[in-house]
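J.: One structure is given below, represented as structure tokens, and several questions about it will come after.
The values are calculated or read from the model by the stated rules, or taken from the named source; none is laboratory data. Treat the numbers as computed from the prediction; the structure is a model and nothing was measured. Glycine also receives a Cβ, built like all others from the backbone with ideal geometry; neighbour counts cover every protein chain displayed. Heads up: the accessible areas ignore ligands, DNA and RNA and are worked out on the full protein's heavy atoms, side chains in. Shrake-Rupley method; radii C 1.70, N 1.55, O 1.52, S 1.80 Å.
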Amino acid sequence: EKGGYDHFMLKEIHEQPKAITDTYRGRLLRNEALIKMAGIEDNLNKLLNANRIIIVACGTSWHAGLVAEYIFEDLARIPVEVEYASEFRYRNPVITENDVLIAISQSGETADTLAAIKLAKSKGAFVFGVCNVVGSSIARETHAGAYTHAGPEIGVASTKAFTTQVTVLTLMALRLAKAKGSISNSDFHRHLLELELIPQHVENVLKSDSHIKSIANTYKHSNNCLYLGRGYNFPVALEGALKLKEISYIHAEGYPAAEMKHGPIALIDENMPIVVIATKKGHYEKVVSNIQEIKSRKGKIIAIVTQGDTTVKALADHVIEVPETLEALSPLLNTIPLQLLSYHIAVLLGKNVDQPRNLAKSVTVE
Ligand code: F6R
């Protein structure tokens, strides 16, 4: 059942190249320079005329929503707000018929997300679902949607569901950007080309497994861990921290790198591991200076860098290399080493990675 892997989580991490391919298959038509998604084509005008997009989700799916905020605003120039479903539903939100709500959920059964959908529908908003489980409550309750096609996710800690959600949302943003004319034809084509390369890049990152395991061994007894990223990779930092908390029970925080000096820098000493996403595109120079600030306070740096990087390599205690890609696609690669890092720490500590204490795969009560 686990296909030769020790845990479902590891199997699902390794399934990501295939899962991402399954997600864009039949939708990304590079030769025709097209993205085709039925749920989008059928509702194109509603989506294009939206005043704004409100994204609601919980947990890891909420992190996918945060990545989508960068992609939709950057490429499609549509204003986006991302909300925890549980907060959104109870704060008397302003919703109009010109709003589009995107609900993201692996299980399609999360109680708060479902309630947020019902609220938005009652105010006349158009509701679009991004679900993994076919025929789930959320898939049925939404006006339209797009499945992630990740296949069953058994491990409680979400892995392939996240990367496939980001893939679907990227396809959506590109489709809308093309329709709006907010992206040039050459840029659009470049994104299709690079997106098609992501599965083999992920395969490449997975080869760092034993290197990541040795880093995990060095830091497995830490009490705390900080994750930093900027821009598109700020949500990746949040997701990395959540993965570590969930399965290893080590306290971890994700932060936008620039916020460090507004508080968390006080935590940094020689016992604090800090995972920094420092890939080449996207505020690289600024991240490098954040790394220098951490080093001068003796923090231990585990940096995710672009293959061939030398600047960060000279500063960091450990580096994990990922292939170069477009900035908008970088979360799809940078997430992978963080999944493996938490996995190995949890296994080395003897924790139950597939069924961490106190957690359920789908949270059907609020
Ligand atoms: C994280 C995790 C949870 C879920 C959250 C939302 O690894 O498993 O945070 O992401 O409960 O679940 P779905 O996506 O099913 O709505």
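Rundown of residues vs (1) more than 18 Å from the chain's Cα centre (by Cα); (2) open to solvent by less than 10 Å² (accessible area, probe 1.4 Å), yes/no style:
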site	(1), (2)
158	no, no
164	no, yes
168	no, yes
172	no, yes
179	yes, no
183	yes, no
187	yes, no
192	yes, yes
195	no, yes
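J.: Do we have any residue at all in the range 332-353 that's within 16 Å of the ligand (Cβ to nearest atom), open to solvent by less than 20 Å² (accessible area, probe 1.4 Å), part of a loop (DSSP other than H, G, I, E, B) and closer than 30 Å to residue 86 by Cβ?
T.: Among the residues of the range 332-353, at least one is within 16 Å of the ligand (Cβ to nearest atom), open to solvent by less than 20 Å² (accessible area, probe 1.4 Å), part of a loop (DSSP other than H, G, I, E, B) and closer than 30 Å to residue 86 by Cβ, which makes the answer yes.
J.: Yes or no: residue 221 more than 29 Å from residue 325 (Cα to Cα), of a type outside the set (A, V, I, L, M, F, W, C) and either modelled with pLDDT under 95 or open to solvent by 30 Å² or more (accessible area, probe 1.4 Å) (or both)?
T.: When the stated conditions are applied, residue 221 passes them.
J.: Across the range 88-108, what is the number of residues that are more than 17 Å from residue 64 (Cβ to Cβ) and either touching an Asp or Glu at 6+ places or on another chain (Cβ under 9 Å) or outside any strand (DSSP E or B) (or both)?
T.: Summing the residues that are more than 17 Å from residue 64 (Cβ to Cβ) and either touching an Asp or Glu at 6+ places or on another chain (Cβ under 9 Å) or outside any strand (DSSP E or B) (or both) in the range 88-108 gives 10.
J.: Could you tell me how many of the residues in the range 136-150 are within 14 Å of the ligand (Cβ to nearest atom) and over 19 Å from residue 26 (Cβ atoms)?
T.: Residues that pass the stated criteria total 5.
J.: Same structure, new question: Looking only at the range 74-82, decide whether some residue is closer than 30 Å to residue 353 by Cβ, modelled with pLDDT of 95 or more and within 16 Å of the ligand (Cβ to nearest atom).
T.: yes
J.: Filter the range 74-87 for residues that are farther than 19 Å from residue 174 by Cβ and in a helix (DSSP H, G or I); which is least open to solvent (accessible area, probe 1.4 Å)?
T.: In this case the residue turns out to be 85.
J.: Right, another one. Given the condition of a type in the set (A, V, I, L, M, F, W, C), over 30 Å from residue 170 (Cα atoms), part of a loop (DSSP other than H, G, I, E, B) and touching a Lys or Arg at 6+ places or on another chain (Cβ under 8 Å), answer yes or no: does some residue in the range 270-287 qualify?
T.: Among the residues of the range 270-287, at least one is of a type in the set (A, V, I, L, M, F, W, C), over 30 Å from residue 170 (Cα atoms), part of a loop (DSSP other than H, G, I, E, B) and touching a Lys or Arg at 6+ places or on another chain (Cβ under 8 Å), which makes the answer yes.
J.: Answer yes if at least one residue in the range 261-279 is among the polar types (S, T, N, Q) and modelled with pLDDT of 95 or more, and no otherwise.
T.: yes
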